[in-house]
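The values are calculated or read from the model by the stated rules, or taken from the named source; none is laboratory data. This is a predicted model, so every value here is computed, not measured. With ideal geometry, Cβ positions are generated from the backbone for all residues, glycine too; neighbour counts draw on all protein chains shown.
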Amino acid sequence: MTQMLNSTGAHRTSSPAEQSGPLELIEGHLYRIGSEVPIDRISWIPEGVTGTEPLNCYAFVGDAEFFMVDTGAEISAPAVRDALGALRGDRELWVHLTRNEHECIGNLETVLTARAQPKLVFGSGGGILEWLLEPTADGLGAENMIGKVEMVLAPNGQTLHTPGGLRFHWIDAPVKLMFLTQWAYEETSRTLFTSDFFAWQHLHSPEHGVVLTDPAELSGPRQVAAEIRSRVGWLPGAALPDLAQDLRAVVERYEVDRLAPVHGRILEGRDVVARGVDIACEALDLLVRGA
């Protein structure tokens, strides 16, 4: 059963996987698509954390193009199908994937087969290329995609201006679990898509929405450090004294109004983004020092 969200993204009912209607982040332009699942179904969350976890992907809707950033976890398939039906229309379909993990690529087949001649914007993804070119690959209907999926290269450090006016900057993720993880900054929305980083703000109460706009709701540095440690196991004690500085430099390179991870709450507003970055840098310093 698909449930629409209210204007703040707060969910109205509870279920093992709460499907959400498209949540408008910027009117008529940028939408969050996804579902919310109980924390105890997520393997990378530290012990003792309760609540629900938003699982996210995103879509820009223009006059002539429908551009998705990630496709969401497979458990979000009903929400993704509903969003395609409600928002895509006959627009040209573009898809960018921040990395080759299930919460990013879980609905790739559903999305790529929704329209003839889709464009796959490729800058990380790893084995996705093999899946699309291998007729025996399972789960992606690859036999129907050979020669039909146009690859648009997205090298880190480069930009992409789409015909519809979107302006993407491709970024090598400064903190990552998987080597091939790419962040994306989109100028018209001032949104930084951070894949699985900045993904530690959970829904602890039905009154809270998927979009976090109050700095007082942000987790502190030690809780964030525990979240990062649980997800990025190689990091604690690593010889990376400049890691926090590198993270800050990436975010401060752009005008960021919104941090949009693939799971967890979306951080919105300059004050929330700034404080969220400060906390993440403090947490990274704690981890590198082994504190």
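Here are the numbers for this structure:
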read-out: Residue identified as more than 14 Å from the chain's Cα centre (by Cα) and either surrounded by 21 or more Cβ atoms within 10 Å (Cβ to Cβ) or under 17 Å from residue 211 (Cα atoms) (or both) among 97, 25, 30, 84; value: 84
read-out: Segment 153-171 residues that are in contact (Cβ under 8 Å) with a residue 60 or more places away in the chain and surrounded by 12 or more Cβ atoms within 10 Å (Cβ to Cβ), paired with ones that are assigned to a loop (DSSP other than H, G, I, E, B) and acidic (Asp, Glu) (beta carbon under 9 Å, 6 or more apart); value: 164/63; 165/63; 166/187; 168/187; 169/187
read-out: Some residue of segment 52-61 being outside any strand (DSSP E or B) and either touching a residue at least 24 places away in the same chain (Cβ under 8 Å) or under 16 Å from residue 166 (Cβ atoms) (or both); value: no
read-out: Extreme residue, farthest from residue 28 (Cα to Cα), among residues of segment 57-81 that are crowded, with 24+ Cβ neighbours inside 10 Å and β-branched (Val, Ile, Thr); value: 71
read-out: Residue pairs meeting the criteria (Cβ under 6 Å; at least 6 apart or on separate chains; first under 13 Å from residue 82 (Cβ atoms), in segment 22-36; second of a type in the set (Asp, Glu) and buried (at least 22 other Cβ atoms within 10 Å of the Cβ)); value: 35/18
read-out: Residue under evaluation residue 131, criteria (1) at pLDDT below 95; (2) within 21 Å of residue 262 (Cβ to Cβ); (3) part of a strand (DSSP E or B), criterion not met; value: (3)
read-out: Of all residues making up segment 239-254, the number that are under 22 Å from residue 167 (Cα atoms) and in a helix (DSSP H, G or I); value: 6
read-out: Enumeration of residues in segment 178-196 that are in a loop (DSSP other than H, G, I, E, B), surrounded by fewer than 24 Cβ atoms within 10 Å (Cβ to Cβ) and out of contact with any Gly (no Cβ under 8 Å at 6 or more places or on another chain); value: 179, 187, 189, 190
read-out: Residue in segment 262-285 that is assigned to a helix (DSSP H, G or I) and modelled with pLDDT under 90 present; value: no
read-out: Hits in segment 207-222 (condition: surrounded by 14 or more Cβ atoms within 10 Å (Cβ to Cβ) and touching a residue at least 24 places away in the same chain (Cβ under 8 Å)); value: 208, 209, 210, 211, 212, 213, 215, 218, 219, 221
read-out: Scan of segment 20-50 for residues that are modelled with pLDDT of 90 or more and assigned to a loop (DSSP other than H, G, I, E, B), ordered by number; value: 27, 28, 29
read-out: Residues within segment 37-51 that are crowded, with 20+ Cβ neighbours inside 10 Å and without any contact (Cβ under 8 Å) to a residue 40 or more places away in the chain, tallied; value: 1
